[in-house]
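Novice: Once you've had a glance at the structure underneath, I'll fire off some questions.
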Amino acid sequence: MASQDSVDHKYVYDFAEGNKELKDLLGGKGANLAEMTNLGLPVPPGFTITTVACKAYLETGREPDGLAGQIEAHLESLEREMGRKLGDPQDPLLVSVRSGAKFSMPGMMETVLNVGLNDRSVVGLSAQAGGNDRFAWDSYRRLIQMFGKTVCEVPGEEFEHALDEAKRAKGTQNDLDLDADDLRGLVDAYKKIFAKHTGREFPQEPREQLDLAIRAVFESWNAERAVVYRRQERIPADLGTAVNVVAMVFGNLGSDSGTGVAFTRDPGSGAQGIYGDYLANAQGEDVVAGIRNTVPLQELERIDKKSYDELLGYMARLEEHYKDLCDIEFTIERGKLWMLQTRVGKRTAAAAFVIAGQLVDEGLIDLDEALHRVNGAQLAQLMFPRFKLDHEFEAVAKGIGASPGAASGKVVFTSARAVELAAEGQAVILVRRETNPDDLNGMIAAQGILTSRGGKTSHAAVVARGMGKTCVSGADELDVNIPAKKFTVAGQTVSEGDIVSIDGTTGKVYLGQVPVMPSEVVQYFEGSLDPEHIDNALVRAVHRIMTHADARRRLAVRTNADTGADAARARRFGAEGIGLCRTEHMFLGDRRELVERLILARTDDERESALAALLPLQRDDFVEIFREMDGLPVTVRLIDPPLHEFLPPLEQLAVNVAVAQERGEDVAKEEALLAAVRRMHEENPMLGLRGVRLGLVIPGLFAMQVRAIAEAAVTVARGGAVAKPEIMVPLVGAVQELETVRAEAEKIIAEVVADSGVEVLIGTMIEVPRAALTAGQIAEAAQFFSFGTNDLTQMAWGFSRDDVEGAFFWRYLELGIFGISPFESIDREGVGRLVRIAAEEGRAARPELKLGVCGEHGGDPDSVHFFHEVGLDYVSCSPFRVPVARLEAGRAAVETDGSDSR
Ligand code: PEP
Ligand code: MG
């Protein structure tokens, strides 16, 4: 029995009842159809079944109570409005049944067109179309094909074979040459295929067709390809899809009909103008599938000026209404324009920046909103290198630059092979005639995608843009032979494993590996392009938005750098100091010998002399870095890894010693080294003698480093620059560890800096969970905390940071235990909680405590938002990620602190 609740629940909304804010409930497509309806645009009438109904169906395996009745009522009102009845033999109403989730998932879920056609209404449809039998039978065969494939899982190839067979019998390659009789025959063939696979006849009852199609759309939410896509795009798995039931309009009624896709600005570059594709005498799926080649939208002006002008008017209206780039699907039925879909359009990274800048100029949005509309992932994409082309490289083909970037790799022809080679660490380019949703895994694995068919709106293009992956589509000079695993182009044959390079901006295809050059955005950050004086819309937009981000952000951005060169580059990229200078590289190279002497020292004198030899070298390192960072803080971390990492590996040493002994050589030194390596061997070095523990065990080691830092600061200060050293103690778990190191360090510092004016801070990393949990005590001894979220993640989860990502994370991701590696993006609930506790308790104990983060998360966009929320003072990341962190810190401020009127 239906509960009161479910009887009352509203599962179905007429288009006139919704609006664009209701995406959670009506999905993106439904909400925007409603919005367009209410704006008075010509949308075919229809209704939307909510995501709530879908979720209820997916949970219980049946339609929720009340849904059937509501569909009936809305169908009746649709029939009244159209003056036709669903499947009526004389004058049938036909509907399309379309999926539409909150977030666009192009091609992932199902659509069934022409629902309501059967053996009798096909005749009525022909009469409606002025006696166009061919059209009616073509529509019917499309219904059986889509319905069979989507609703009843009949293998799609079988229908395609039958269609190929019909064309062959007719001696043609073009479906338009098939006449009404041929198509009637094809309908019979399709029905047999349907019956063979389903054990039943193709359903003739229109309402049954409708109900089954709706159910299939619900179920398509959990289809494998949709699940894979959601994981990739980080779309939550529990949203469900809405279902739109829309009166059919036909773009395949003759040459005065057609269908197309339009963008209000170029989604590739952001340039203003008219962008889109049009295909006469066709239905929407023909465009998206890239089956026939489209013409540029501008040609519609010549073909049907009235519809063209009307369309441009609606495009301007939509852009002004949505205050953003819109993409649109439309159909013209015998000279009458219908709007089938609109949404805020996907765009490339470059277009996102350029459009945001333009919209500010046009007064449609403010700078805060512009900042909100771009993101760090897009900026990172713009910092990728591009191909460096000299006369040596000539393009062998030119397709459509469908998604920018420069990609080179081995050619593969199947999704499975792409996945296989990528797993071996090889770069691959997936080459297909056209892609379909089954290619998704291969597209994810590939460096780039190259297709010989399809336009800017083909499946390959749309999905690649969404993933930020390089794609060239519609390179029709390529003759692709998938079964033979090769393609030919310009008289040459390219086989699986050969290298090609594709440019997703220009659409050009090259044989071999083309060298690359830095992006203009990087040149701008490096200071070699002046945004005020160059004619480059992208650089100007990036400059403007970055300037605003810097004005708005509360987080400072530092860098992780341990050479002067890295420090200098990061500074040009906008770093406001060094948040982590790892000193261990300073123990490598020709200094190994000194480190060996240190480890092998048998007496205090031997040890002290080794340290004394290291001191000036270390001091020089710091002088260089402090000079580069003149006036900015530099956090130097005392040595962290276990010392035996600086010795040769055990096996190698053992072999060397054995060989030398055999030859009768003097091996005393090697034997001593070998003994030391054996003595220092650890089962779990990550949890062993490293960090502060090392400093407490090896007398003089930290003292030498502290002295080198202080002396370097004084040297730099004497030279007139300003050094602001911050000494950081790694791997502290208890305040007593820090106190011991600090007492010794303070003595040295006081002695070295004396009255030089140099101030040296002492603080600690928070990277052991115990340190986070006792942060109140630790803050008593620390002037700053820097969260080492790499180790904190390792130790909070018990995941070996060097092993687990390759070993088993794929399974954890597959099971949804997490949506992204916690080493990549901070685990807010667990590791993030430790950060929050430590920040709060540390500040409670010492209000002026400086807080930062220097783990990899410091440059991860989502994590930057988290650190902003927790109230850290700065994030520190690798030089290349500094601009991304600046941008995201600005976005975080705008998003959590609200707009201001700047
Ligand atoms: C950390 O653990 O997050 C950190 C920055 O230190 P390292 O990566 O050097 O261990
Ligand atoms: Mg660490």
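Novice: Under 8 Å between Cβ atoms, at least 6 apart or on separate chains: pull out the pairs that start in region 575-596 with a residue that is over 19 Å from LEU694 (Cβ atoms) and end on any residue that is within 16 Å of ligand 2 (Cβ to nearest atom) and part of a helix (DSSP H, G or I).
Specialist: From residues that are over 19 Å from LEU694 (Cβ atoms), the pairs are GLY579/GLY858.
Novice: Here are some residues: PRO633, PRO642. Which one is within 16 Å of ligand 1 (Cβ to nearest atom) and surrounded by 15 or more Cβ atoms within 10 Å (Cβ to Cβ)?
Specialist: PRO642
Novice: Based on what the data block shows, is ARG207 more than 39 Å from the chain's Cα centre (by Cα) and not hydroxyl-bearing (Ser, Thr, Tyr)?
Specialist: yes
Novice: Residues that are under 25 Å from the mean Cα position of the chain (by Cα), modelled with pLDDT under 95, within 16 Å of ligand 1 (Cβ to nearest atom) and of a type in the set (Gly, Ala, Ser): does region 810-825 have at least one? Give the derivation first.
Specialist: As a first pass, look at region 810-825 and keep what is under 25 Å from the mean Cα position of the chain (by Cα): 810-825.
Of the ones still in play, those that are also modelled with pLDDT under 95 are 810-825.
Checking the rest, the ones that are also within 16 Å of ligand 1 (Cβ to nearest atom) come to 821-825.
Add one more test, that the residue is of a type in the set (Gly, Ala, Ser), and what stays is 821, 825.
Yes.
Novice: Additional query: Could you name every one of the helices (runs of 4 or more DSSP H) located completely within region 1-103 that has at least 2 residues being over 24 Å from SER220 (Cβ atoms)?
Specialist: 4-8, 23-38, 67-82
Novice: Return the residues of region 742-775 that are within 16 Å of ligand 2 (Cβ to nearest atom), assigned to a loop (DSSP other than H, G, I, E, B) and not charged (D, E, K, R); say none if nothing qualifies.
Specialist: Here is the first cut: in region 742-775, the ones within 16 Å of ligand 2 (Cβ to nearest atom) are 763-772.
Retained after the next criterion (residues that are assigned to a loop (DSSP other than H, G, I, E, B)): 767-768.
Hit for region 742-775 is VAL768, nothing else.
Novice: Return only the number of the condition from (1) buried (at least 22 other Cβ atoms within 10 Å of the Cβ); (2) part of a loop (DSSP other than H, G, I, E, B); (3) not aromatic (Phe, Trp, Tyr) that LEU113 does not satisfy.
Specialist: (2)
Novice: A further question on this structure: Are there helices (runs of 4 or more DSSP H) fully within region 536-601 with at least 3 residues that are modelled with pLDDT of 90 or more and away from ligand 1 (no atom under 16 Å from the Cβ)? List them.
Specialist: By residue number, 537-552, 564-572.
Novice: Output the residues belonging to region 715-741 that are β-branched (Val, Ile, Thr), surrounded by fewer than 19 Cβ atoms within 10 Å (Cβ to Cβ) and in a helix (DSSP H, G or I).
Specialist: THR740
Novice: Pairs, please: C-beta under 6 Å, at least 6 apart or cross-chain, first residue under 18 Å from THR774 (Cα atoms) and in region 844-862, second within 12 Å of ligand 1 (Cβ to nearest atom) and of a type in the set (A, V, I, L, M)?
Specialist: Going by the 6 Å Cβ cut-off, the qualifying pairs are VAL853/VAL875.
Novice: Would you please name the residue that is farthest from the chain's Cα centre (by Cα), looking only at residues in region 481-506 that are crowded, with 23+ Cβ neighbours inside 10 Å and not acidic (Asp, Glu)?
Specialist: It comes out as PHE487.
Novice: Follow-up question, since we're still on this one. Looking at (1) surrounded by 16 or more Cβ atoms within 10 Å (Cβ to Cβ); (2) acidic (Asp, Glu); (3) within 20 Å of GLN283 (Cα to Cα), which is the only condition GLU219 fails?
Specialist: Status for GLU219: all satisfied but (3).
Novice: For region 867-881: of the residues being modelled with pLDDT of 95 or more and buried (at least 22 other Cβ atoms within 10 Å of the Cβ), which is farthest from ligand 2 (Cβ to nearest atom)?
Specialist: Of everything passing the filter in region 867-881, HIS868 is farthest from ligand 2 (Cβ to nearest atom).
Novice: Continuing with the same structure: Pick from TYR524, TYR510: which is more than 29 Å from GLN272 (Cβ to Cβ) and of a type in the set (Ser, Thr, Tyr)?
Specialist: After applying the criteria, what remains is TYR510.
Novice: Next up: Checking the structure you have, find out if any residue of region 664-673 is in a helix (DSSP H, G or I) and over 18 Å from VAL595 (Cα atoms). Reasoning before the result, please.
Specialist: Residues of region 664-673 in a helix (DSSP H, G or I): 668-673.
Now narrow it down to the ones that are over 18 Å from VAL595 (Cα atoms): none.
Checking region 664-673: not a single residue is in a helix (DSSP H, G or I) and over 18 Å from VAL595 (Cα atoms).
Novice: Checking the condition within 16 Å of ligand 2 (Cβ to nearest atom), of a type in the set (A, V, I, L, M, F, W, C), surrounded by 16 or more Cβ atoms within 10 Å (Cβ to Cβ) and touching a residue at least 12 places away in the same chain (Cβ under 8 Å), which residue from LEU694, LEU674 passes?
Specialist: LEU694
Novice: Another one. For residues that are in contact with a Lys or Arg (Cβ under 8 Å, 6 or more places away or on another chain) and not β-branched (Val, Ile, Thr), scanning just region 792-813, find the one that is farthest from GLY691 (Cα to Cα).
Specialist: LEU813
Novice: I'd like to verify a number: residues in region 776-793 that are polar (S, T, N, Q), assigned to a helix (DSSP H, G or I) and farther than 12 Å from LEU738 by Cα, how many?
Specialist: 3
The values are calculated or read from the model by the stated rules, or taken from the named source; none is laboratory data. In this text, all values refer to a predicted model and were calculated from it rather than measured experimentally. Reconstructed Cβ throughout: ideal geometry from the backbone, glycine too, with neighbour counts over all protein chains shown.
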